[in-house]
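In what follows, a single structure is set out as structure tokens and then discussed.
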Amino acid sequence: MSFLPEAYSSVAGDVFGLFKVILFLTSFWFTVSIGALFYGIFTSLKKQGGKAKYLTGDDWAQSKWIWIPLVLVVLCDFWVDIETAKVWTKVEIAEAMPQSDYEVKIVGRQFQWEFTYPGPDGKLFTEDDVQIADGNDGELVLPVNKVTKLHLTAADVLHSFFVREFGFKQDVIPGRILTRWVQPIKEGRTELLCAEICGSNHGTMRNWIKIVSVEEFDSFIKNLNSGSVAMATEKK
Amino acid sequence: MSAHHEQSFLSKYVFSTDHKYIAKQYTLTGVVFAFIGGLFAVAFRMQLAWPGIDVPIVGVLDGTKYNMLVTNHAMIMFFWAAMPILLAGLGNFVIPLMLGADDMAFPLLNMLSYWIFLVSALVLILSFMAPGGGAATGWTMYPPLAATQGVDPDSNFLVNLWTGGSLLILAVALEFASMLLGGINFLVTSINMRAKGMKLMDVPAVVWMLNLATVDFMFSVGPLIAGAVMLLFDRIFNTGFYDPARGGDPILFQHLFWFFGHPEVYVVLLPAIGIVSEIVPAFTRKPLFASKWIIIMAVSSAFIAMIVWAHHQFVAGIDPRMAEFFSITTIIISIPFAFIMFAVIATFFGGQIEIKIPMLWAIGFIVFFFVGGVTGIFLGSAGFDMYAHDTYFVVAHFHYTLIPIVFFAGLAGFYFWFPKSTGRMLNETLGKLHFWTTAIGLNMFAFPLFFSGLFGEHRRIFSYASYDPLMADWILQIRHVATYGAIIIAAAQLIFFLNIILSAMNGEKAGKNPWKCNTLEWVADSPPPHGNFTTPPACYRGPYEYSNPKRSGSDFWPQNEQ
């Protein structure tokens with residue numbers, strides 16, 4: 001489906017693949033059901049002197065025509081469930097989260113995203129963390145092919161971390177830090193949206209994600225820690 | 001209640017205790033609000049298609065105004081249009097008549113129910129006049145935003161009560177009180193006032209569905225009221241139920257909201273399926289296929305409806321392991337509805353089908369609701385919902401469920417029972433025109449949104465100017481087409497109003513039973529007098545005995561005839 005965006009993360013392909021499985025199954029059942037409906041209508045239009053069949057559907061000989069399709073629907077339901085569980089487990093379940101050396105804290109605030117990287121000690125949630133708070137121009141820089149842990153939270157109201165090309169979305173909640181992860185698979189620049197209504201300027205809440213090579217990322221962190229990054233940053 | 005004497009104008013039309021007039025009051029109020037809610041939608045759709053346009057009456061929309069219109073569009077359409085029309089209006093009209101009763105069990109309570117409803121509507125209107133305008137937090141009213149927007153913690157509680165957000169909570173609470181009173185009447189009447197000989201399985205499907213909807217509403221509304229009271233207290237008494245800084249939890253509200261919010265979908269869906277279950281047998285001249293199983297499946301769906309709520313919260317920050325449970329219950333609830341839809345479709349086979357206007361709307365309901373139904377599977381799958389949640393895919397999906405429910409099934413019922421209610425038939429030509437324009441409008445409006453939703457267009461955004469990929473030409477085209485679709489839906493309803501006015505004055509006289517149906521409402525005069533039946537009817541059989549070979553001479557067998 002060309003309508004879905006280009007996949008920039010290791011799981012986006014799985015998420016979009018789920019769409020294709022469900023599209024296949026639902027298209028099949030839609031066609032069968034609505035086809036049956038119109039077949040029923042056009043073969044049963046009123047005829048002069050005609051008599052309708054007295055079919056109550058109370059015995060198996062008649063009702064099997066809906067019970068058997070129903071069982072098939074249930075089987076398809078389980079198919080969807082199994083495919084869903086595979087993708088969901090891979091992306092969301094903590095036990096399945098891959099190991100990572102990189103982490104970043106992401107804060108939603110009316111109406112921008114802020115990013116905090118580890119300071120010189122290489123650890124997040126310590127005194128020397130460096131924050132990038134640059135309005136809607138602030139960029140979340142991520143290394144390509146590496147797993148980065150995302151510690152997501154909000155400063156004021158609910159927001160939702162949404163990156164189309166990652167096939168991923170997570171609401172962020174004030175007072176809670178949710179840990180998810182991302183593994184970008186190609187370099188580039190994508191938009192970071194907010195997908196939860198967060199006030200009057202919800203419609204302008206947009207930041208950027210820049211996916212760079214590991215070398216570039218390392219020098220970005222180095223510059224960040226020496227305070228020489230061009231963008232407005234704030235030591236904290 | 002034996003003496004039904006002449007009534008004064010006031011007691012007949014205004015302070016009426018007659019279930020038929022209360023039904024008309026509810027329906028009329030609902031239609032007026034549906035129109036207001038529809039115009040809200042046209043206004044913000046115009047902003048989306050032509051950003052910065054000076055919309056008639058509301059002016060140029062900024063983020064706040066846009067959010068306010070979106071929020072109240074949803075609120076109005078659900079609580080002041082869908083519920084009064086499909087639950088209160090329909091239920092009040094058909095339940096006593098179909099059961100062969102002279103009125104509801106508690107007529108005075110019934111009147112009270114409507115008047116509380118009207119007060120709730122007035123409080124809603126008042127909320128727009130509060131400083132800062134109406135609530136603009138999304139209809140889900142998620143705190144902390146909904147707990148703080150427009151609130152000044154240093155002011156006294158009256159100042160904070162006099163805000164759009166607080167008044168909206170009050171309005172919704174009053175509306176719920178009204179629907180609860182009405183619901184008590186539905187249940188008591190259906191259990192105690194059935195015609196002599198009418199067994200539970202002889203009760204028509206639509207009455208079953210209305211009662212199941214009522215039960216779902218009653219069981220789910222309590223937690224929401226608790227949640228809403230806490231939200232109101234956060235706003236006016238500066239409590240911190242949803243404020244994490246003071247030990248509160250915003251996610252708590254989401255659970256309380258959706259514990260109600262999901263069954264609420266079935267509160268309007270079940271009556272819609274009920275309407276279609278009456279109309280399809282009447283116009284195919286066949287028994288409703290597997291009608292007992294339809295009832296059993298509807299009962300089971302009403303139960304399962306109570307344990308699917310968190311599928312609205314897959315990405316809200318709940319424990320991801322919980323999502324797998326709710327993904328499974330969500331998929332399970334598709335089983336009873338798949339059965340019901342299959343059974344209704346099976347009813348068409350071997351019939352003598354006449355596609356009169358009510359049947360046209362019923363077929364429209366089946367086809368378009370199916371689109372809404374199957375696209376629900378995408379969102380019920382937690383893995384894909386992670387992407388599609390809060391995009392236009394969701395908007396397209398639920399408009400393909402709610403427009404078929406409220407417009408297609410609701411109007412099917414309206415065209416079907418209008419002759420009973422007024423004694424006159426609605427015009428067929430205008431009816432067809434109304435149907436086709438609405439159908440074209442729905443598909444122009446909602447279908448393209450699936451594609452922009454798939455591309456990731458997120459909702460509740462007043463202008464996409466900040467998002468380069470979402471300003472692509474094809475998405476701009478989709479916004480235009482969808483807006484034209486919304487305008488066509490609204491304009492199509494003018495044909496409907498014209499039809500009602502012309503037909504009420506000059507329509508063909510209906511007689512007692514214009515569609516040759518079996519259920520008891522068709523035994524009464526059209527319109528039924530105060531007290532409904534001259535002699536209380538008895539019931540000898542189920543409601544769907546069409547074309548029964550044991551009956552000679554006619555293809556229907558009214559429930560009251562031996």
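Let me spell it out: the conditions are (1) part of a helix (DSSP H, G or I); (2) more than 14 Å from chain A (Cβ to nearest Cβ), and B:A146 meets all of them except one. Which number is the exception?
Every condition holds for B:A146 apart from (2).
Within segment B:395-414, which residues are open to solvent by 10 Å² or more (accessible area, probe 1.4 Å) and closer than 18 Å to B:L360 by Cα?
Going through segment B:395-414, the residues open to solvent by 10 Å² or more (accessible area, probe 1.4 Å) turn out to be B:395, B:397-399, B:401-403, B:406-407, B:410-411, B:414.
B:T401, B:L402, B:I403, B:V406, B:F407, B:G410, B:L411, B:F414, listed by residue number.
Taking B:A171, is it more than 30 Å from B:G542 (Cβ to Cβ) and assigned to a helix (DSSP H, G or I)?
yes
In contact with a Lys or Arg (Cβ under 8 Å, 6 or more places away or on another chain) and more than 14 Å from chain B (Cβ to nearest Cβ): which single residue out of A:I197, A:I185, A:I221, A:I211 fits that description? I'd like the intermediate steps shown before the answer.
Values: A:I197 fails: more than 14 Å from chain B (Cβ to nearest Cβ); A:I185 fails: in contact with a Lys or Arg (Cβ under 8 Å, 6 or more places away or on another chain); A:I221 fails: in contact with a Lys or Arg (Cβ under 8 Å, 6 or more places away or on another chain).
Result of the check over A:I197, A:I185, A:I221, A:I211: A:I211.
I need the full set of residues from segment B:342-362 which are under 20 Å from B:Y266 (Cα atoms) and more than 7 Å from chain A (Cβ to nearest Cβ), in order please.
If the condition is that a residue be under 20 Å from B:Y266 (Cα atoms) and more than 7 Å from chain A (Cβ to nearest Cβ), then B:V344, B:W361, B:A362 are the ones that fit.
Taking helices (runs of 4 or more DSSP H) that do not extend beyond segment B:339-404, which have at least 2 residues that are without any contact (Cβ under 8 Å) to a residue 60 or more places away in the chain and under 20 Å from B:S452 (Cβ atoms)? Walk me through how you get there before you give the answer.
Numbers: elements: B:357-380, B:382-388, B:392-403.
Once the helices (runs of 4 or more DSSP H) in segment B:339-404 are filtered for at least 2 residues that are without any contact (Cβ under 8 Å) to a residue 60 or more places away in the chain and under 20 Å from B:S452 (Cβ atoms), what remains is B:357-380, B:392-403.
So, in segment A:153-182, how many residues would count as being of a type in the set (V, I, T), in contact with a helix residue (DSSP H, G or I) (Cβ under 7 Å, 6 or more places away or on another chain) and either more than 7 Å from chain B (Cβ to nearest Cβ) or on the phi > 0 side of the Ramachandran plot (or both)? Show your work before the answer.
Step one: of segment A:153-182, the residues of a type in the set (V, I, T) are A:153, A:157, A:163, A:172-173, A:177, A:179, A:182.
If we keep only those that are in contact with a helix residue (DSSP H, G or I) (Cβ under 7 Å, 6 or more places away or on another chain) too, we end up with A:157, A:173, A:182.
When the remaining residues are screened for being either more than 7 Å from chain B (Cβ to nearest Cβ) or on the phi > 0 side of the Ramachandran plot (or both), the result is A:182.
Qualifying residue count for the region: 1.
Check A:G138 against each of (1) within 9 Å of chain B (Cβ to nearest Cβ); (2) open to solvent by less than 70 Å² (accessible area, probe 1.4 Å) and name the one condition it does not meet.
Here A:G138 clears every test but (1).
List the number of the failed condition for A:A7; all other conditions in (1) open to solvent by 40 Å² or more (accessible area, probe 1.4 Å); (2) more than 7 Å from chain B (Cβ to nearest Cβ) hold.
It fails just one condition, (1).
Residues in segment A:10-43 that are under 15 Å from A:W88 (Cβ atoms) and at the interface with another protein chain (Cβ under 7 Å from one of its Cβ atoms): how many?
The total comes to 4.
Is there a residue being under 18 Å from B:I318 (Cβ atoms) and touching a Leu at 6+ places or on another chain (Cβ under 7 Å) anywhere in segment B:206-220? Show your work before the answer.
Taking segment B:206-220 and keeping what is under 18 Å from B:I318 (Cβ atoms), we get none.
No.
Here are B:L118, B:L86: which of them is away from chain A (no Cβ under 14 Å), assigned to a helix (DSSP H, G or I) and open to solvent by 10 Å² or more (accessible area, probe 1.4 Å)? Steps first, please.
Details: B:L86 fails: open to solvent by 10 Å² or more (accessible area, probe 1.4 Å).
Within the list B:L118, B:L86, the selection yields B:L118.
Quick one: is B:I405 more than 10 Å from every other protein chain (Cβ to nearest Cβ) and within 30 Å of A:D77 (Cα to Cα)? Walk me through it before giving the result.
Values: more than 10 Å from every other protein chain (Cβ to nearest Cβ): yes; within 30 Å of A:D77 (Cα to Cα): yes.
So B:I405 passes the test.
Touching a residue at least 60 places away in the same chain (Cβ under 8 Å), buried (at least 20 other Cβ atoms within 10 Å of the Cβ) and more than 7 Å from chain A (Cβ to nearest Cβ): does that describe B:A316?
Spelling it out, it is not the case that B:A316 is touching a residue at least 60 places away in the same chain (Cβ under 8 Å), buried (at least 20 other Cβ atoms within 10 Å of the Cβ) and more than 7 Å from chain A (Cβ to nearest Cβ).
Those residues that are assigned to a helix (DSSP H, G or I), of a type in the set (S, T, N, Q) and open to solvent by less than 40 Å² (accessible area, probe 1.4 Å), I need them from segment A:10-41; list them, please.
First, pick out the residues of segment A:10-41 that are assigned to a helix (DSSP H, G or I): A:12-41.
So of that shortlist, the ones also of a type in the set (S, T, N, Q) come out as A:26-27, A:31, A:33.
If the condition is that a residue be assigned to a helix (DSSP H, G or I), of a type in the set (S, T, N, Q) and open to solvent by less than 40 Å² (accessible area, probe 1.4 Å), then A:T26, A:S33 are the ones that fit.
The values are calculated or read from the model by the stated rules, or taken from the named source; none is laboratory data. Remember, it's a predicted structure, so these values are computed and weren't measured experimentally. For neighbour counting, all protein chains shown are included, and Cβ atoms are generated from backbone atoms with ideal geometry for every residue, glycine included. What goes into the accessible areas is simple: the full protein's heavy atoms, side chains included, and nothing from ligands, DNA or RNA. Shrake-Rupley method; radii C 1.70, N 1.55, O 1.52, S 1.80 Å.
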